[in-house]
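The values are calculated or read from the model by the stated rules, or taken from the named source; none is laboratory data. Owing to the predicted nature of the structure, the values given are computational and were not obtained by experimental measurement. Cβ sites come from the backbone with ideal geometry, for glycine too, and all protein chains shown count toward neighbours. When the accessible area is computed, the model is the full protein with side chains, heavy atoms only, and any ligands, DNA or RNA have been set aside. Shrake-Rupley method; radii C 1.70, N 1.55, O 1.52, S 1.80 Å.
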Amino acid sequence: MKERQPRLSEEAIEHGKLYHVTVVAIVETGAIVEVEGTGCTAFIHISKVAPGYVHSVDDYISVGDKLDAMGDCKGYRNELVLTHLNLKYKNSR
């Protein structure tokens, strides 16, 4: 069984910083990503995957996808938000 990676702390996420991530799991409410160079994982909420309504995360991303995510410190918590560059609904290819 693969050992769980530590979660990237909210305090470690810098506003406006670009993070290179790899999708390691897709869950109903978002995606678990490994943050390159940290050995840590982070969660990206379904509402941050693409602009507009997202019915299912895997309509946009798959396990193994390498993506860019932006640190966002708005609101009550720091989080990673996927950048929307070239991120399209899969069935529109």
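Structure summary
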{"quantity": "Answer residue from segment 16-59, given it is of a type in the set (S, T, N, Q) and over 13 Å from the mean Cα position of the chain (by Cα) and is least open to solvent (accessible area, probe 1.4 Å) among those", "calculated": "56"}
{"quantity": "Complete set of residues in segment 52-70 that are touching a residue at least 24 places away in the same chain (Cβ under 8 Å) and more than 11 Å from residue 81 (Cα to Cα)", "calculated": "57, 58, 59, 60, 61, 62, 63, 64, 65, 66"}
{"quantity": "Given (1) closer than 14 Å to residue 68 by Cα; (2) in a strand (DSSP E or B); (3) hydrophobic (A, V, I, L, M, F, W, C), number of the condition residue 50 does not satisfy", "calculated": "(2)"}
